[in-house]
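Worksheet for the structure shown next.
The values are calculated or read from the model by the stated rules, or taken from the named source; none is laboratory data. These numbers come from a predicted model, not from an experiment. Counting neighbours? That spans all protein chains shown, and the Cβs are built from the backbone with ideal geometry, glycine included. The area values use the complete protein model at the heavy-atom level, side chains included, leaving out ligands, DNA and RNA. Shrake-Rupley method; radii C 1.70, N 1.55, O 1.52, S 1.80 Å.
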2 protein chains.
Amino acid sequence: MTPEKLQTPPKLANGTLRIVPLGGLGEIGRNMTVFELNGKLLIVDCGVLFPEEEQPGVDLILPDFSYIEDRLDDVVGLVLTHGHEDHIGAVPYLLRQKEDIPIIGSKLTLALVEAKLAEHRLNAYTLTVREGDVEQLGQFECEFVAVNHSIPDALAVFIRTEAGTVLHTGDFKMDQLPLDGRITDLRHFAKLGEEGVDIYLSDSTNAHIPGFTTPEKEIGPTIDQVISKAQRRVIVASFASHIHRVQQVLHAAAAHGRKVAFVGRSMVRNMSIAKQLGYLEIPEGILIDLKKVDSLPDHKVVLMSTGSQGEPMAALSRMANGDHQIQVGEGDTVILASSLIPGNETGVYRVINGLMKLGADVVHKDNAKVHVSGHASAGELMYTYNILKPRNAMPVHGEHRHLIANGKLAEATGVDPEQVLLCEDGSVVDLREGKARKVGQVEAGYVYVDGSSVGEITDSELKDRRTLGEEGFISVVTVVNRQTGTIISGPDIHARGVAEEDEVFKNIKPKIAKALTEAIQDNKEHTTHQLQQIVRRTIGSWVSRKLRRKPMIVPVVVET
Amino acid sequence: MTPEKLQTPPKLANGTLRIVPLGGLGEIGRNMTVFELNGKLLIVDCGVLFPEEEQPGVDLILPDFSYIEDRLDDVVGLVLTHGHEDHIGAVPYLLRQKEDIPIIGSKLTLALVEAKLAEHRLNAYTLTVREGDVEQLGQFECEFVAVNHSIPDALAVFIRTEAGTVLHTGDFKMDQLPLDGRITDLRHFAKLGEEGVDIYLSDSTNAHIPGFTTPEKEIGPTIDQVISKAQRRVIVASFASHIHRVQQVLHAAAAHGRKVAFVGRSMVRNMSIAKQLGYLEIPEGILIDLKKVDSLPDHKVVLMSTGSQGEPMAALSRMANGDHQIQVGEGDTVILASSLIPGNETGVYRVINGLMKLGADVVHKDNAKVHVSGHASAGELMYTYNILKPRNAMPVHGEHRHLIANGKLAEATGVDPEQVLLCEDGSVVDLREGKARKVGQVEAGYVYVDGSSVGEITDSELKDRRTLGEEGFISVVTVVNRQTGTIISGPDIHARGVAEEDEVFKNIKPKIAKALTEAIQDNKEHTTHQLQQIVRRTIGSWVSRKLRRKPMIVPVVVET
C-alpha cells in the first residue's frame, strides 16, 4: 500500500457498521477482518501469510495491526473460523499486545490455537462454540454455522448488528459426502437468507474454477488401491492438519493389515489432539512408534508424514536426500496426498525425482486422484448466493483474480453490480441502511516476522537481501592517515558471492589506493563519507565493466 | 556429480560406439549428446538450462564441455535438431573454444543459431539439411527425419556407424494436423525400423502423461473466439519462438479486421526471420509498428508480445506494472497463449493479478484452451517404440521422473528391460554387437554463466549468495596496534539485509573491543586470522541469541 493511495475514512457514525479487511484480500493468507460498531471492535480470524522468493529470509508475514493497536481494549472478541495457519497463525502476535482478548471458536480450532499459544508462553481466554450457538459479543450477536473444509469443525459466522447483518464464511466448500457427515449447513444458510443477509463475505480461493470440488471420499479408493498393490513400505505425505485425509489413510492401512507410524513433529502433535478430541478414529492397535518400524516387515508398514510441499527440512525431503532414519529404497511407494501450492513446484519435483532415483514409486496429483481442494468452486459459490440472496457481496480470501471471479458469480446470481465490492487489504467499507460502500483506505502493509523481530525488518533490508542474494558483495577496507596524506593499510578487499578469489582484485587495488591518496592530499575537506564514495565509484565501475555484475559495495575508510 | 560417483570408463575399443550425454538427463534443458567412434566425435545439440532459485544471480547454465574440450579437433560436426534455446543456446560458448566446428541443421534452426552467433561476434560454418537428406560426417552417416514440435523445421537424426545405428529424436510430438502439414514422419520411422534401430534416444518430457498431446490447431478457435468477442485491445503473450502459435493469432486478427504489432525484442527478431524464410505467412497489410498503434481504435488492435512466463523485464510484466508504453486498461483482453513452466507460477500469477487490477480480462490455461505442449505424451511415444522396435532404449530430455516413465513405455512395448538404459548426465554408454551398456561415468557438472564469467562461479559462491540473500551480512572492522596492545579504531559494524540501524550494535561493540584487547595483550602469537575468529565468535553468538538469525559475518582486523 503506497501512502498516496491511503485515504482517511470519515469518522464512523453511530449505528453504521464498518468492515476493514486487514489481510487476505490480494493474497492467499493472513486472513483478518475487523468489524466496528459504536466504538467497539469484533475481529474474525488472525492468520499468517507464508513468504515468497521476494521476501528472502522472512519467517512469516502478519497482518498490520496498526489500525487497531490503540484500541485493543475495545475489542469484544476474536472469532476464529477454523484451525489453519492462515486463519490462526498470527494470534500469538496479536495477543502479545493484549493477552486477554476473548477467543471464540470451535473445540478443535481452540485446541490448535491453544497449543500454538502455549509455545509462545501465552494464556488463552476462550469461549468454545458449536454450530447453532448464538453468542452476544458486545453489540455483535454472533450465530455460528457449520461449514465443511479441509480441516474438521470449521464455522461460518453470522453477525447481527443494529446496522445490519453479515455472513462471513471463513474457508469452506460444500462436499456433500464428507467423512464426518458434517456438511456446510445449507438449511441454516436458507434460514439466514430468509432473515436477510446485508453483506456476504465469502471464500474466493476457487471462485475461478468452474463446476464443483470433488468429494474428499473419492480419494479413499485411490489410496486403498495403491496400498493394496504396494509390495513394500508405503509413505503418505499430507498436510499435518488434514485430519480426514489421515483418517482415510488409517482406514486403508487397517484394511490391508498394515501398521501406521506418524512422522514429523506437527503430524504427531495434531493427530494426538485430533484423537483426544474425537476427530480422528484410530483403529485398535494400528499405531506404531516410528522407532519400532524396523521391527516390522516392509509390507506391514505405512508411514504418515509431513513434507508434501517439498519443504527442505521436512521428513519427506530428508528421505528423498537419503538423510532421514527412514531409508527409502527399491519397491517402496510414496503417495503425495496433497495439493501443490503454486511456488512450491521446484521443491516438490526435486523430492519426487529424489525418491524415484532411490527406486520408489511416487503417486502424486499428476498421475492419480490423491488430492481434492478444500475450497468451494464456482458452482458451489453460486448455490450460496442463490440461497442467501445477499444485498451486498464482498469477496474475501484470494488474490485479486480470485476476488474478481467471485464478484462475477455474485453478479451472475443477481447481486446488483453496484453492490459487489471489490476490495483490498485496508479497504474501509461502511454498511448503513442495507447499502455497503467503500469509504476509505487505511494502512495494511506486510509485517514481517524475521528471527526474533516482528515488524522491524524493512523493505530496504529485504531489497538489500535480494541484491546480496543475486549479486553478492564486496567490502573494501582502507586505513588512512589524513595528516600525512598516506594509506596506512589496505585496501583490503573481501568479496562473498562473487569473485571470491583474491587475485581478481590485484589490478584494482593500486587504483583505489591512488584515488584515495589523491583525494586526501588534494582536499583536506573530504568527509569520511566522501572518501568512501570515491572508493565505491572506483571499484564499482571496474566491477561492472570487468565482471558485468552489480554486487553490493561496502567501502570502509578508517582514519587514524 | 560428486567425484566419488565418477567411474572412469574403459578405453574405447575401435569399432565400438560410445554415447555420452553431457546434459538434459536429470533436467529439462542444456541438451547435449556426444557420440564417439574410432577417435572421432559427433555432437547432437548444445543447449542451455535456465537457473532456478538455488542458483541466484546465475544467467545461464551450460553443459560441462570438459569431457571433449581437449578433443575439439576431432569433432566432425555439431547437429542441431531444432532452434530452441535448450538445444542451441550453448553453441556460442562451445564455438568460443573452436569456432570452425561444422554446424548441421535445418534452414530455420541455422538462421536462429546464426543470429545468436552474430550477437557473440562468432562466425558459423554451416551445412543446411532437410528431411530425407543423408550426410556423411566422418564415419557417422547421418540421415535426417522430419519431426513435429512447437517450433517449425525440427529434425530427428538417424546415425549409421560400423558399430550400429542410433535414432535421436530431439524434441518432438506427433500432432496429426500441424499447421504446416509437416508431421513427424512415421513412414520414415517405419523404414528405419525395418533397417534396424540399435539404440533409440527419445524425448521424455511428457512420457509421464497418459494419452496424446492435443493438436495445435485446437487452440485456433479459442483465440479466434476471444478476439471476436473482445471490445477493446487484445494482447497475446507467447514464446517468441512459437511461430505456429503466432500464425494462429495472425489468422484470427485478420479474420476480425484487426492489425497486429509485435512487442518485445525476441518476438520482433524471430518473426522477421520466420517471415523471411517462409515459415510465417503474414496476411497483406496486417502488421503495424508498435509506435503507430495509438493511431488505431482499440478494437482494431492485437499486440503479440513476449513475457508469457512472467519474466519481470519482459513487455507483459511491465504492462501489468503500468510501466510500459502500452497502458492496459478496463476492457482490454490479455491471452497467455503458453504453458506455465514449473517454477514460474509466482511471477505469472503476479502478472495476471496486475493485469486484472488494471481492468483487463485475462484468458490463460486455467480458464481456456490456449496452450498445447510441444512434446509427445505416452501414447505417442508408444507408437514410435512399436514402429521402430529398437534393440536398446535410452530415454533423454527429462528429469529423472520423466526418464523413468519413458523407460517403462519402452519395456511395455517390448524392449528387453535389461536393454532400457536409465542414464544421467555424464553416463558413458557403449554400443557393441547390438547391445548397449553403461560402462562409466564422467564429469558433467553445471557450468554457470555469471556476468562475464563462464564456469568461474563456484558452488561455494552460490552457497554464499543464498546465505547473503536469506540472512544478510555483518562486517566488523577493527584497527589494532599489536605493540601497544590497543585498539586504534573501531569496531565499526556495517550490516546489510539485517539490523541495518546502528544502535542495534551499541552493546556488543564494547564486548568485541574487550575480547580483542585481551587477546592481543595476553598472547602476542595470535595470527590476524585468529583475531578475526575471536571477533566472529563474539558477535556471532550475540546475533544468534539476540536476533535469532545467522547472517554471514565478515570480521576484518587491520594491524598497524
Surface share of carbon and sulfur [accessible, 1.4 angstrom probe, percent] for chain A: 48
Degrees between helix B:508-522 axis and first principal axis of chain B (Cα, 0 to 90, nearest 10): 70
Computed Kirkwood radius, in angstrom, where 1/r is averaged over Cα pairs of the range A:323-418: 16.7
J(HN,Hα) series, the range B:327-334, from Karplus relation 6.51 cos²θ - 1.76 cosθ + 1.60, nearest Hz, glycine and proline x: 8, 6, x, 3, x, 6, 10, 10
Amide H contacts under 5 Å for residue B:236, placed H, 5+ residues apart: B:303, B:304, B:305, B:335
Amide H contacts under 5 Å for residue B:60, placed H, 5+ residues apart: B:449
Among A:334-347, B:412-425, B:40-53, the order from most to least packed when residues are scored by Cβ within 10 Å on average: B:40-53, A:334-347, B:412-425
For the range B:521-560, residues shielded by at least 10 square angstrom of accessible area compared with the chain on its own, probe 1.4 Å: B:546, B:547, B:548, B:549, B:552, B:554, B:556, B:558, B:560
For the range B:459-559, share of DSSP beta bridges that run antiparallel, in % to the nearest 5: 50
Percent of beta bridges antiparallel (DSSP, the protein assembly as shown, rounded to nearest 5): 55
Inter-copy spacing of residue B:313 label points, which lie 7 Å from Cα along Cα→Cβ, given in nm from shortest upward: 3.5
Debye log10 I(q)/I(0) at q = 0.12, 0.20, 0.25 Å⁻¹ for the range B:17-83, Cα point scatterers: -0.34, -0.81, -1.10
Where rotation carries B onto A, the chain B residue whose Cβ is nearest that axis, in whole Å: B:469, 1
3J(HN,Hα) from dihedral phi, the range A:130-142, Karplus parametrisation 6.51/-1.76/1.60, rounded to Hz, x for glycine, proline: 9, 3, x, 5, 10, 10, 8, 10, x, 8, 9, 9, 9
Cβ-vector label at 7 Å, residue A:517, separations to other copies in nm: 3.4
Computed [θ] at 222 nm, helices only, for chain A once each DSSP H run of length n ≥ 4 contributes -39500 (n - 2.57): -8500 deg cm²/dmol
10 Å Cβ neighbours from other chains, averaged over peptide B:469-481: 6
Percent RCO, i.e. relative contact order, over chain A, from Cα pairs under 8 Å lying at least 6 residues apart: 16
Cα-based convex hull, the range B:459-559, per residue volume (Å³, whole number): 91
Residue-normalised accessible area of the protein assembly as shown, given per residue in Å² at a 1.4 Å probe: 40
Heavy atoms of residue B:493 accessible to a 1.4 Å probe, total area in Å² rounded to 10: 10
Over the range B:422-521, relative contact order from alpha-carbon pairs under 8 Å, at least 6 apart, %: 16
Relative contact order %, the range A:216-363, counting alpha carbon pairs below 8 Å whose residues are six or more apart: 30
Per residue convex hull volume, Cα atoms of the protein assembly as shown, in Å³: 201
Entries in A:173/B:357; B:217/B:275; B:5/B:107; B:173/B:229; B:173/B:275 that, when Cα-Cα distance is taken, lie over 29 Å: B:5/B:107; B:173/B:229
Residue A:427 long-range amide H proximity, modeled H, under 5 Å: A:442
Tilt relative to chain B, helix B:345-357 - C-alpha long axis, 0 to 90 degrees, to 10: 80
Average beta-carbon neighbours from other chains, 10 Å sphere, peptide A:42-54: 1
Rule-of-thumb Rg ratio for the range A:66-128 [Cα; 2.2 N^0.38 Å; N residues]: 1.02
Residue A:212 accessible area, assembled protein chains, probe 1.4 Å, Å²: 130
Whether chain B is rounded, prolate or oblate, judged on the alpha carbon gyration tensor where a/c under 1.5 counts as rounded: oblate
Point-charge dipole on Cβ atoms (K/R +1, D/E -1) for the protein assembly as shown, about Cα centre, debye to 20: 760
C-alpha long axis of helix B:400-412 to longest principal axis of chain B, angle in °: 30
Shielding by partners - mean other protein chain Cβ count within 10 Å, residues of B:347-355: 3
Environment charge of residue A:493, counting only residues whose C-beta is closer than 14 Å and scoring Lys/Arg +1, Asp/Glu -1: +1
Straight-distance crosslink candidates among lysines, where the alpha carbon sits under 23 Å from residue B:524 and sequence neighbours closer than 8 are dropped: B:509, B:511, B:514
HN-Hα J in Hz across the range B:242-258 - Karplus 6.51, -1.76, 1.60, θ = phi - 60°, x for Gly and Pro: 8, 4, 6, 5, 5, 4, 5, 5, 4, 4, 5, 4, 4, 4, 10, x, 10
Calculated FRET value between residue B:70 and residue A:136, using beta carbons and R₀ = 60 Å, to 0.05: 0.10
DSSP bridge pairs, chain A: antiparallel proportion in percent, nearest 5: 55
Per-copy distances of the residue B:183 label point, shortest first, in nm (7 angstrom along Cα→Cβ): 5.0
Loss of accessible area when A meets B, both sides summed, Å² nearest 100, probe 1.4 Å: 5100
Over 27 Å (Cα to Cα) - which of A:550/B:546; A:116/B:550; B:40/B:408; A:291/A:369; A:292/B:550 fall in this group: A:550/B:546; B:40/B:408; A:291/A:369; A:292/B:550
For the range A:216-363, average projected area of the Cα convex hull in nm²: 8.0
